[in-house]
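The values are calculated or read from the model by the stated rules, or taken from the named source; none is laboratory data. No experiment lies behind these values; they were computed from the predicted model shown. Cβ coordinates were reconstructed from backbone atoms using ideal geometry, including for glycine residues, and neighbour counts include every protein chain displayed. These area figures cover heavy atoms from the full protein model, side chains too; ligands, DNA and RNA do not enter into them. Shrake-Rupley method; radii C 1.70, N 1.55, O 1.52, S 1.80 Å.
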Amino acid sequence: MKTVSIIIPCRNEEKFIGKCLDSIIVQDYPKDRLKILVVDGMSEDGTRKVLSQYIKIYAFIKILDNPKKIVPTALNSGIKNAHGEIIVRMDVHTEYAPDYVTRCLQVLEQTGADNVGGAARTKADSYIQKAVSIAYKTSFGVGGAKFHDENYEGYIDTVTYGCWRKTTLERIGLFDEELVRNQDDELNLRLIRSGGKIWQSPEIRSWYYPRASIVALFKQYIQYGYWKVRVIQKHKIPASIRHIVPGAFVGLLVILAVLSPFSQLSLKILAGLFVFYGATNLGASLIACKEPSTWKYIPVMPIIFAAYHFGYGYGFLRGVLDFVILKKQAGETFTKITRNEKG
């Protein structure tokens, strides 16, 4: 039986790391073939204290330091220190089915794929978090990516988290440490362009806790849009048209807003676009909340959709300005962690 190394990037996760580890500890995969590497970005809260308590009980859990404090350096450190033949990437804000690791290895073996994973299922504790979860599963909200479809099985361009043979990662190169966000998308794009294949299976189940505030969601998607520009710049072409639509839309609105004081036509087009977007947003919100149990989320759903679209679109335009036009490095706004205990 293969040895599996689970890599968990972590920073200031005192409130969540225990729940994550608990769902990993109960995995049905043999514990003598399981290694958990928590790569901590020099946490300043009580995360280390929580981890030390687990390490005293479970010998297969180990802490690694991540002085650079970002996800790709954590992942690369974990991969380099992993002794297992199989690498499974996990996230602190996610819970995992007891057979998650077992299913990953089964699908990896059965399909012959280079990376496997499951759909982006969600869990929620609060009103906003539940509303974000609903929006997260809609085509209008996130562009119709297949990894949001819990029933989809087959080849895909990117997958939630991932499970690889270590030799695959060594062959294509590890995660790009420049990318604060989108490092998983970039690696998967590189994998596919090298001739590799990615497979999604509904049997691989995990549940992600999305942002619990609209502000945190907006900031998250600013970063997603921003760093997507760097990925496109690196590979010369977007992986999907959905990656550029929000930026193009927001850019058009900005151009029309600048021209409107001097052009009645621009003003009319701008007003028409806002009306069209507002009507479309409202219609999508009603469809997303069509079940009686979800009617209570209708008032906030248009705001959440707008946070997705305008956050990503603004971030994309800032990425074009910084990376393409000014050729400068990212500032703190685009590198700082967007999730806190409220979001």
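When Ser240 is tested against (1) among the small types (Gly, Ala, Ser); (2) under 18 Å from the mean Cα position of the chain (by Cα); (3) open to solvent by less than 20 Å² (accessible area, probe 1.4 Å), exactly one condition is not met: (3). Of the residues making up the range 36-47, those that are surrounded by fewer than 21 Cβ atoms within 10 Å (Cβ to Cβ) and either modelled with pLDDT of 95 or more or among the aliphatic types (A, V, I, L, M) (or both) number 1. Put simply, of Ser206, Ser194, Ser213 the only residue that is free of Cβ contacts under 8 Å to residues at least 24 places away in the same chain, out of contact with any Pro (no Cβ under 7 Å at 6 or more places or on another chain) and among the polar types (S, T, N, Q) is Ser194.
Among the residues of the range 77-94, the one identified as assigned to a helix (DSSP H, G or I), closer than 14 Å to Thr168 by Cα and open to solvent by 10 Å² or more (accessible area, probe 1.4 Å) is Lys80.
Within the range 38-62, residues that are without any contact (Cβ under 8 Å) to a residue 60 or more places away in the chain and part of a helix (DSSP H, G or I) have Cβ atoms under 8 Å from residues that are open to solvent by 10 Å² or more (accessible area, probe 1.4 Å) and acidic (Asp, Glu) in these pairs: Thr47/Glu13; Thr47/Glu14; Lys49/Glu14; Val50/Glu14, counting only partners at least 6 apart in sequence or on another chain. Looking at Ala113, Ala120, just one residue is small (Gly, Ala, Ser), touching a His at 6+ places or on another chain (Cβ under 9 Å) and touching a residue at least 60 places away in the same chain (Cβ under 8 Å), and that residue is Ala120.
For the range 70-89, the tally of residues that are over 12 Å from Cys163 (Cα atoms), among the charged types (D, E, K, R) and in contact with a strand residue (DSSP E or B) (Cβ under 9 Å, 6 or more places away or on another chain) stands at 0. For the range 147-171, residues that are assigned to a helix (DSSP H, G or I) and surrounded by fewer than 16 Cβ atoms within 10 Å (Cβ to Cβ) total 3. May I ask you to verify whether Lys123 is within 30 Å of Ala212 (Cβ to Cβ), surrounded by fewer than 22 Cβ atoms within 10 Å (Cβ to Cβ) and in contact with a helix residue (DSSP H, G or I) (Cβ under 8 Å, 6 or more places away or on another chain)? Yes, satisfied.
Within the range 27-48, the presence of at least one residue that is among the basic types (Lys, Arg) and in contact with a His (Cβ under 9 Å, 6 or more places away or on another chain) is confirmed. Residues that are in contact (Cβ under 8 Å) with a residue 12 or more places away in the chain and either open to solvent by less than 40 Å² (accessible area, probe 1.4 Å) or hydroxyl-bearing (Ser, Thr, Tyr) (or both) within the range 132-143 comprise Val132, Ser133, Ile134, Ala135, Tyr136, Thr138, Gly141, Val142, listed in sequence order.
Comparison of Phe274, Phe218, Phe305, Phe262 shows that the only residue that is over 21 Å from Phe147 (Cβ atoms), crowded, with 16+ Cβ neighbours inside 10 Å and not aliphatic (A, V, I, L, M) is Phe218.
Only helices (runs of 4 or more DSSP H) whose full extent lies in the range 242-343 are considered here, and the ones with at least 1 residues that are closer than 30 Å to Glu14 by Cβ are 301-319.
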